[in-house]
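Scroll down for the structure; my scribbles are underneath it.
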Amino acid sequence: MSRTRTALLAAMALVAGATGTAFAVDPGSAGIAAVPCTVDYKIQNQWSTGFTAAVTVTNNSAAKSSWSLKWSYAGNQKVTSGWNAKLSQSGAAVTAANETYNAQLATGGSVSFGFQGSYSGSNAIPATFTLDGVTCNVDDGGPGGPTDPPDPGGPSTRVNNPYEGAKVYVNPEWSANAAAEPGGSRVAGQPTGVWLDRIAAINGAGGKMGLRAHLDEALRQKGSGELVVQFVIYNLPGRDCSALASNGELKADEIGRYKTEYIDPIKAILADSKYASLRIVTTVEIDSLPNLVTNTGSRPTAVPQCDVMKANGNYVKGVGYALNKLGDVPNVYNYVDAGHHGWIGWDDNFGPTATIMKEAATAEGATVNDVHGFITNTANYSALKENNFTINDTVGGKSVRESKWVDWNRYLDELSYAQAFRNQLVSAGFDSNIGMLIDTSRNGWGGSARPTGPGATTSIDTYVDGGRYDRRFNAGNWCNQSGAGLGERPKAAPAAGIDAYVWMKPPGESDGASKQIPNDEGKGFDRMCDPTYTGNPRNNNNMSGALPDAPLSGQWFSAQFRQLMQNAYPPLS
């Protein structure tokens, strides 16, 4: 599996806050010894006989007018070519010296270079690096001595699928809300995502747990085994340009605040060595990049605010910055939001969406290796698998694709879409081993309205409408849908190319208010959350299908949760 791997050197246990990423320590900090230099060595791609690597060196000592980094391999790795440094090798010993254009290395400054190499057998990461003869990634024995070692559980070993062989974090706040509902104890132990939907959520807002509190609780739940903890990174400037209910706190041009006040603090906490034994899954910025494809320009679904975000580039920049920074943390697994089949499944959306995701994944210093996979159906309702008809069926000489429900889409459900879109993403330049997540928290569509077989063959519409599990008026309806039910319970590796079914959206948390509610979270009133709304071009002018009396997005909606349990499929026992 060719994933990004970051050097997790044993010596780094001596560095406060050390992970695999270069982490500068203030030599003047009381009780903390100085670290003269740090090295971040990442294997970016690996195949049977070769690999590529990226190295970043940070100098924490006096400024340098030239530099030389050295290491030795434990196996028979050979450097074959390189860039941004003069590389030479003698036996197992490798030297990387500056080029003329990057010779200056200031105090606190960093320099990066890369190379391609060959190997056979193992391809172990070097154990020791020296910069101009000084060992990096360890303290210099100055006042204060070495700091405390990391969590006794040790750093998490990077794996192909973080969900395999691991428990998944149960958010105690969501669990308490679920257990307080009649019958809620049946699902209160299920793992759900934790949404970081504004800057204040990082430290905890409104009496809720902050990021560190969740990570500390995750360590408690972990015990001696492996544990995944899931966070939704969700605070782009001009967030959700086509859905007022989930607008955010940052204005369209506040990319600087997004970077320094939101992503940087999150990265600093996730990089704390205390949490190195956790497998941290981040779902990066739902409902952002697909909007740039479907809701801009001359399309009938275009929204002026989405044109603004496409023009200023801040969705692409923000996602790229988040992937770059969070991808530096060795035990973080980034999954980028990929919409859902009822949004991206048409021919004119499918390829362009993969293209813009590649653009974002290579913006602001990010690379495709910072992306572990993608997630579909986040906080949505699209059925996992429609079993009563196929995309190739015909009735009276008409294809299923011609039905009003399918409307020329190439996909009927999330599983077929996720598997196909994964292939498209690989074609666009992403790693061939990327995994997909599917949010099944609200796509069960069970209960008495669930069809038991195909519809009547009197017309293509009666055939499709009579057999489809998804009972929405239109697949573009997204807000607090009436008749929805809990879907498949979270599970690892359920199908080819799928890393897990997840409940990234905590069931019972509202999508948006049914009417205007004043608030200080930047959340507006979207008519798609109003049960009386007759629709717009994005849902083919159908009724909204929303439940009445809903609170602001993210707040507990008891009536919705009870409906989800009642209509769960598979049914709750």
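Rule-based calculations on the coordinates, nothing more; no lab input. This is a predicted model, so every value here is computed, not measured. Reconstructed Cβ throughout: ideal geometry from the backbone, glycine too, with neighbour counts over all protein chains shown.
HN-Hα J couplings of segment 396-408 from phi, Karplus 6.51/-1.76/1.60, θ = phi - 60°, integer Hz, Gly and Pro as x?
In residue order, the calculated couplings are x, x, 10, 6, 3, 5, 7, 5, 4, 5, 6, 6, 6 Hz.
Rounded to the nearest 0.05, what FRET efficiency is calculated for residue 449 and residue 48 with R0 set to 51 Å and r the Cβ-Cβ distance?
Here the calculated transfer efficiency is 0.45.
Give the lysines whose C-alpha is closer than 30 Å to that of residue 398, dropping any in the same chain fewer than 8 places away, or say none.
Correct list for residue 398: 385.
Using the structure shown, list the pairs from 222/267; 310/404; 167/274; 86/274 with a Cα-Cα distance above 28 Å, or answer none.
310/404; 86/274
What length, rounded to one decimal in nm, is gained on full extension from residue 74 through to residue 179, with 0.36 nm per residue of separation minus their alpha-carbon distance?
32.5 nm
Determine the equivalent ellipsoid of segment 152-302 by diagonalising the alpha-carbon gyration tensor, then write out the semi-axes as square roots of 5 times the eigenvalues, largest first, rounded to whole Å.
Semi-axis lengths for segment 152-302 are 30, 20, 16 Å.
5 Å is the cut-off here: which amide hydrogens, built 1.01 Å from N in the peptide plane, fall below it relative to residue 498, excluding neighbours closer than 5 in sequence?
Residues meeting the criterion, in which the H sits 1.01 Å from N, are 436.
Please give, to one decimal in nm, the separation of the simple spin-label points placed at residue 135 and residue 251, each 7 Å out from Cα toward the Cβ.
Inter-label distance under the simple model: 5.3 nm.
Using θ = phi - 60° and the Karplus form 6.51 cos²θ - 1.76 cosθ + 1.60, what ³J(HN,Hα) does each residue of segment 385-391 get, whole Hz, x for Gly and Pro?
Values per residue, Gly and Pro as x: 8, 8, 9, 8, 7, 10, 5 Hz.
Nearest 0.05, what FRET efficiency do residue 101 and residue 432 give at R0 = 35 Å with Cβ-Cβ as r?
0.50
Normalised by the empirical 2.2 N^0.38 Å for globular proteins, what value does the Cα Rg of the chain take?
Compared with the compact-globule rule of thumb, the chain sits at 1.02.
Any chance you could run the full-extension gain for residue 301 through residue 186? It's 0.36 nm times the residue separation minus the Cα-Cα distance, nm to one decimal.
Computed gain between residue 301 and residue 186 is 37.3 nm.
Normalized C-alpha radius of gyration of segment 409-459, against 2.2 N^0.38 Å?
Working it through for segment 409-459, the quotient is 1.61.
Amide H to amide H, which residues 5 or more places from residue 68 or on other chains are under 5 Å from it, using H placed in the peptide plane?
Under 5 Å from the amide H of residue 68: 132.
Could you go through segment 468-477 in sequence order and give the Karplus-derived ³J(HN,Hα) for each residue, using 6.51 cos²θ - 1.76 cosθ + 1.60 with θ = phi - 60°, rounded to whole Hz, and x for Gly and Pro?
The phi angles translate into 6, 6, 5, 9, 5, 5, 7, 5, x, 6 Hz.
Which whole-number percentage describes the relative contact order of the chain, with Cα contacts under 8 Å and a sequence gap of 6 or more?
12 percent
Radius of gyration and Dmax for segment 469-538's Cα atoms, expressed in Å?
15.4, 45
Between residue 517 and residue 261, what FRET efficiency follows from the Cβ-Cβ distance if R0 is 41 Å, with the result rounded to 0.05?
Using R0 = 41 Å, I get an efficiency of 0.95.
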